[in-house]
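The values are calculated or read from the model by the stated rules, or taken from the named source; none is laboratory data. Just so we're clear, the structure is a prediction, and the values are computed from it rather than from any experiment. Here the Cβ positions follow ideal geometry from the backbone for every residue, glycine too, while neighbour counts run over all protein chains shown.
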Amino acid sequence: MIELLHLEELQKLVEYPDRRIKPIVYSMISGGFRLGAWDYLRWKHLNL
């Protein structure tokens, strides 16, 4: 079962005071990451 975050939950994550969280949250939202997938992402996986 896939559990999606609601808009209010996403807003809370983006408003979190630690500035390092915002780019991670935006990357996960725009890239369609699953919550567990972030742990396995490596620099070699990125096409920059």
Given (1) more than 11 Å from the chain's Cα centre (by Cα); (2) modelled with pLDDT of 85 or more, number of the condition E3 does not satisfy: (2)
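For the range 1-44, which positions are part of a loop (DSSP other than H, G, I, E, B) and either among the charged types (D, E, K, R) or in contact with a Leu (Cβ under 6 Å, 6 or more places away or on another chain) (or both)?
Narrowing the range 1-44 to residues part of a loop (DSSP other than H, G, I, E, B): 1-6, 15-20, 32-34, 41-42.
The answer is E3, E15, D18, R19, R20, R34, R42.
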State whether one or more residues within the range 20-33 are exposed (fewer than 12 other Cβ atoms within 10 Å of the Cβ) and aromatic (F, W, Y). no
